[in-house]
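Enquirer: To start, I am sharing the structure in question, which I have written as structure tokens.
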Amino acid sequence: MILDGSDTTAVHLTWLLSLLVNHADVMDRLRHEIDSKVGGRWVEDDDVKDMPYLHAVVKETLRLYPPLPAYAPHATTEDCKVGGYDIPRGTHLYVNAWKVHRDSRIWSDPDEFRPQRFLPAADAAGRGKHYEFVPFGGGRRACIGSAYAMQATYLIIARLVQGFNFATPSNGRLDMSEAEKKKKKKINRMGHKRGSYSSSSVNKLFSWVRKQSMKVKLFLGLITALAALLALSRSVKDRNQFFVAAEAIHFAGILVLIYKLIRKKSCSGLSLRSQELTALFLAIRLYCSFIMEADIHTLLDFVTLLSTLWVMYMIRFKLKYTYMAELDKTPLYYIIVPAAVLAVLVHPYSHLNINIHRVAWAFCVYLESVAVLPQLRMMQKAKLIEPFTAHYVFALGVARFLECAHWIIQIYESGGKYLYLVGSGYLWVPAIYAAEMVQTFILADFCYYYVKSVMSGKLLETLQSPV
């Protein structure tokens, strides 16, 4: 039994240590619990029973990476019902523990590493009684060595964390994606979701597009964009509605984040720095809008700003233990300073040499065009995109496309004269157009993969292209 269990224990310890390296806050909290319990001496077997966070970390790792993702078949000894299906006697049933442990109907944020879900005060602390948590099987056929394996793991991890500091050479994220992909590939062979083959034509289309040269891809993208612009120009007569729709979609994206934070109790995958930049340009735009033109835009900016501030509060205080600060390192001054300098140089026309309101308006326009960069960089570093965050960024992409469409249509319909209507030195309107184009292109790649994944019936898992 000990020899047979050594391999699974070693694999489990590998996953456990990798998760601790990638979640320094969890390792710090675990080390604090150990030090507060035993002081300066080494942890012993009798100590671990009084370390609830240690138990939670080990159990959460077992939930994400069970030692045997798929168990040996079990034969029914009599007719029975499972999940509403009639199972005749003698049927061989396979238990897919990987799928059970990542079922979103049972576990909130099932793909996230959240040890707190197994703390005594959490609802999941006693799970396993009803087979939601079955790392060692369940019932009479459960692994007889599970108690020994758990006790050994508790002691090994406690002593390792107590005696060593674990980190990568560059303090970067430990990439375990290759190992996880191999594991997922084996598990997914057991079955497919109903309807997963219905989008084969879509998959073939995207596969064909991927095989084309870059020139062909750019041409196809241009044709698609022109078709969308033509449809918008014919269907929307009041051009001001483009901005109203863009601001409303941005607010809808914030509502998605609010739902995630309230329902999932996690801010994993969200960039606090992008939210701070968003709040900054919204606050300035709200002030300028109130001074210049109090209308529907002012109202939309106000509710969006309040929602963004609430999201920032939740990330910084209420859900800070789930915030991936180690991946959100983009210096804010890299973005704010260039936008401020450009705003002083190029801003709307004023009879004064410098009008602070017009400079502020230009600053918020430039800042908005690049505020999403920290979020995209964070997604790229994380190697895994959280679904609700993907919905939010896609909403930003749609909003930016509508704003960019407004400027393109106006320039086209005026024969280019619109470029010279406003601005000191005729630079302001071209600068707005350039800012909108920059943000549109920043988000275009993400939106392409997002639409592709949705049409294929899958979740967008990684951000493939550099930002």
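The values are calculated or read from the model by the stated rules, or taken from the named source; none is laboratory data. If you're wondering where the values come from, they're calculated on a predicted model, not measured in any experiment. Neighbour counts are summed over all protein chains in view; Cβ atoms, including those assigned to glycine, are modelled from backbone coordinates with ideal geometry.
Enquirer: Could you check residue 197 against (1) aromatic (Phe, Trp, Tyr); (2) outside the structural domain of residue 447 (by the TED database); (3) at pLDDT 65 or above and say which number it fails?
Expert: All conditions are met except number (3).
Enquirer: Looking at region 260-270, can you tell me whether even one residue there is crowded, with 21+ Cβ neighbours inside 10 Å, of a type in the set (Lys, Arg) and under 25 Å from residue 328 (Cα atoms)?
Expert: yes
Enquirer: Restricting the first residue to region 5-24 and requiring it to be free of Cβ contacts under 8 Å to residues at least 24 places away in the same chain, which pairs with a second residue that is part of a helix (DSSP H, G or I) meet a Cβ separation below 9 Å and a spacing of at least six or different chains?
Expert: 14/179
Enquirer: Also, I was wondering about something else. Tell me, yes or no, whether region 29-40 has at least one residue that is under 24 Å from the mean Cα position of the chain (by Cα), surrounded by 15 or more Cβ atoms within 10 Å (Cβ to Cβ) and farther than 18 Å from residue 148 by Cα.
Expert: Looking through region 29-40, at least one residue is under 24 Å from the mean Cα position of the chain (by Cα), surrounded by 15 or more Cβ atoms within 10 Å (Cβ to Cβ) and farther than 18 Å from residue 148 by Cα.
Enquirer: Go through region 48-83 and give me each residue that's buried (at least 21 other Cβ atoms within 10 Å of the Cβ), hydroxyl-bearing (Ser, Thr, Tyr) and without any contact (Cβ under 8 Å) to a residue 60 or more places away in the chain.
Expert: Scanning region 48-83 gives a single hit, 61.
Enquirer: Which of the residues that make up region 82-104 are at pLDDT below 85 and over 19 Å from residue 140 (Cβ atoms)?
Expert: If the condition is that a residue be at pLDDT below 85 and over 19 Å from residue 140 (Cβ atoms), then 83, 84, 85 are the ones that fit.
Enquirer: Taking region 306-329 on its own, how many of its residues are outside any helix (DSSP H, G or I) and either more than 22 Å from residue 253 (Cα to Cα) or not assigned by the TED database to the domain that holds residue 375 (or both)?
Expert: 1
Enquirer: Moving to a separate point now. Given (1) exposed (fewer than 14 other Cβ atoms within 10 Å of the Cβ); (2) acidic (Asp, Glu); (3) in a loop (DSSP other than H, G, I, E, B), where does residue 109 come up short, assuming only one miss?
Expert: (1)
Enquirer: Pairs needed: first member in region 266-280, farther than 20 Å from residue 303 by Cα; second member anywhere, assigned to a helix (DSSP H, G or I) and acidic (Asp, Glu); C-beta distance under 9 Å; at least 6 residues apart or different chains.
Expert: none
Enquirer: Moving on. Consider residue 86 carefully, then state whether it is in contact (Cβ under 8 Å) with a residue 60 or more places away in the chain and among the acidic types (Asp, Glu).
Expert: In short, no.
Enquirer: If I filter region 55-76 for residues that are touching a Pro at 6+ places or on another chain (Cβ under 6 Å), of a type in the set (Asp, Glu) and part of a loop (DSSP other than H, G, I, E, B), do I get at least one hit?
Expert: no
Enquirer: Within region 34-47, is even one residue closer than 23 Å to residue 133 by Cβ, of a type in the set (A, V, I, L, M, F, W, C) and assigned to a helix (DSSP H, G or I)?
Expert: Within region 34-47 (the criterion being closer than 23 Å to residue 133 by Cβ, of a type in the set (A, V, I, L, M, F, W, C) and assigned to a helix (DSSP H, G or I)), the answer is no, since none of the residues qualifies.
Enquirer: Now, a different point. Just checking, does region 281-298 include any residue being assigned to a loop (DSSP other than H, G, I, E, B), in contact (Cβ under 8 Å) with a residue 12 or more places away in the chain, assigned by the TED database to the domain that holds residue 253 and more than 19 Å from residue 373 (Cβ to Cβ)?
Expert: Initial filter on region 281-298 (assigned to a loop (DSSP other than H, G, I, E, B)): 293-295.
Applying the additional criterion that residues be in contact (Cβ under 8 Å) with a residue 12 or more places away in the chain yields none.
Looking for residues that are assigned to a loop (DSSP other than H, G, I, E, B), in contact (Cβ under 8 Å) with a residue 12 or more places away in the chain, assigned by the TED database to the domain that holds residue 253 and more than 19 Å from residue 373 (Cβ to Cβ), one finds none in region 281-298, hence no.
Enquirer: Condition check: charged (D, E, K, R), closer than 30 Å to residue 336 by Cβ and modelled with pLDDT under 90. Does residue 264 satisfy that? Lay out the reasoning, then the answer.
Expert: Values: charged (D, E, K, R): yes; closer than 30 Å to residue 336 by Cβ: no; modelled with pLDDT under 90: yes.
Considered against the rule, which asks whether it is charged (D, E, K, R), closer than 30 Å to residue 336 by Cβ and modelled with pLDDT under 90, residue 264 comes out as no.
Enquirer: Turning to a different aspect of this structure: In this structure, is residue 299 out of contact with any Cys (no Cβ under 8 Å at 6 or more places or on another chain), within 19 Å of residue 403 (Cα to Cα) and modelled with pLDDT of 90 or more?
Expert: Here the answer is no, as residue 299 does not meet what is asked.
Enquirer: Could you give me the residue pairs with C-beta distances under 6 Å whose first residue belongs to region 368-383 and is surrounded by fewer than 22 Cβ atoms within 10 Å (Cβ to Cβ), whose second residue is of a type in the set (S, T, N, Q) and modelled with pLDDT of 85 or more wherever it lies, and which are 6+ apart or on separate chains?
Expert: 377/330
Enquirer: Let me ask something additional. Applying the selection to region 84-106, what residues are in contact with an Asp or Glu (Cβ under 8 Å, 6 or more places away or on another chain) and loosely packed, with under 10 Cβ neighbours inside 10 Å?
Expert: Hits for region 84-106 are 86, 88.
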